[in-house]
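**Q** Here it is, the structure in full.
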Amino acid sequence: MDVEVPQAELIDIDVLQLDGENPNKMKIKQLQALRKAIKRWGFIVPIVTNRDLLVADGEQRLTVARELGMKQVPVIRLDVKDVDRRLLRQVLNKLKGQHVKELDMSEYERIIDAGGEDDLKELLLISEADLEAVLGEENSIDVENKYELIIEFDNEEEQKGAYLKLTQMGYKCKVLIL
């Protein structure tokens, strides 16, 4: 069976379009780490779009490229219907595999031994305490599960009411304006 390998093309950044519906969001620190990675290694993962240059995968990379003042980025343009563009977005955002903790730990040790500890912490947003905890354990590590909930409100008053109710119930809340 032959598998198609689509070729990337350089596309002017201004013609790429976003639909505003990407469920994959990055926090500011993650975007900063992505920016540092792109500056260090270049724009190595193409953006994926449909034939009309509507982004399926790579919205955060595109955001960083715009911030960096890039004029062109590599794009893989696929001749797909909108349903397939959305399905592709879901697949590429979610099907990434899981890390084996022991192998991560071994990889971290090799990076640190080669003088890359600061880069490791900066690019993967790992604190000194977290890194020490990971490397200090003989077996596997457990990372505390944290869950986030995003709620959209029609107005500020509804938002304030929900915030007060949730904080009174003991939940830790942050208000973000997106």
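The values are calculated or read from the model by the stated rules, or taken from the named source; none is laboratory data. Remember, it's a predicted structure, so these values are computed and weren't measured experimentally. As a convention, Cβ positions derive from the backbone with ideal geometry for all residues, glycine included, and neighbour counts pool all protein chains shown.
**Q** Considering only region 151-173, how many residues are part of a loop (DSSP other than H, G, I, E, B) and either at pLDDT 80 or above or in contact with a strand residue (DSSP E or B) (Cβ under 6 Å, 6 or more places away or on another chain) (or both)?
**A** 7
A quick yes/no check of all residues on (1) modelled with pLDDT of 95 or more; (2) at positive phi; (3) among the basic types (Lys, Arg); (4) under 20 Å from the mean Cα position of the chain (by Cα):
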| position | (1), (2), (3), (4) |
| --- | --- |
| Ala56 | yes, no, no, yes |
| Arg66 | yes, no, yes, yes |
| Val73 | yes, no, no, yes |
| Gln90 | no, no, no, yes |
| Glu128 | no, no, no, no |
| Leu135 | no, no, no, no |
| Val143 | no, no, no, yes |
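**Q** Continuing with this model, one more query. Scanning for something outside the structural domain of Glu122 (by TED's automatic domain parsing), in contact with a strand residue (DSSP E or B) (Cβ under 7 Å, 6 or more places away or on another chain) and closer than 30 Å to Glu148 by Cα, does region 18-28 turn up at least one residue?
**A** Yes; the residues of region 18-28 include at least one that is outside the structural domain of Glu122 (by TED's automatic domain parsing), in contact with a strand residue (DSSP E or B) (Cβ under 7 Å, 6 or more places away or on another chain) and closer than 30 Å to Glu148 by Cα.
**Q** Can you run down the residue pairs with Cβ atoms below 8 Å, 6 or more apart or on separate chains, where the first is in region 154-177 and without any contact (Cβ under 8 Å) to a residue 60 or more places away in the chain and the partner is among the polar types (S, T, N, Q)?
**A** Cys173/Thr167; Val175/Gln159
**Q** Can you find even one residue in region 35-47 that is touching a Gly at 6+ places or on another chain (Cβ under 6 Å) and not assigned by TED's automatic domain parsing to the domain that holds Ile126?
**A** Yes, region 35-47 has at least one match.
**Q** Still on this structure, I have one more. Across region 65-76, what is the total count of residues that are surrounded by 17 or more Cβ atoms within 10 Å (Cβ to Cβ) and under 15 Å from Leu18 (Cβ atoms)?
**A** Number of matching residues: 3.
**Q** Mind counting the residues in region 168-178 that are farther than 22 Å from Lys27 by Cα and not aliphatic (A, V, I, L, M)?
**A** Number satisfying all stated conditions: 2.
**Q** Considering Gly58, Gly97, which residue is of a type outside the set (A, V, I, L, M, F, W, C) and either touching a Lys or Arg at 6+ places or on another chain (Cβ under 7 Å) or over 13 Å from Asn22 (Cα atoms) (or both)?
**A** Answer to the check: Gly97.
**Q** For region 23-30, does any single residue satisfy the condition of being at pLDDT 95 or above and in contact with a helix residue (DSSP H, G or I) (Cβ under 7 Å, 6 or more places away or on another chain)?
**A** No: zero hits.
**Q** Among the candidates Leu103, Leu62, single out the residue that is of a type in the set (A, V, I, L, M), loosely packed, with under 14 Cβ neighbours inside 10 Å and without any contact (Cβ under 8 Å) to a residue 60 or more places away in the chain.
**A** Leu103
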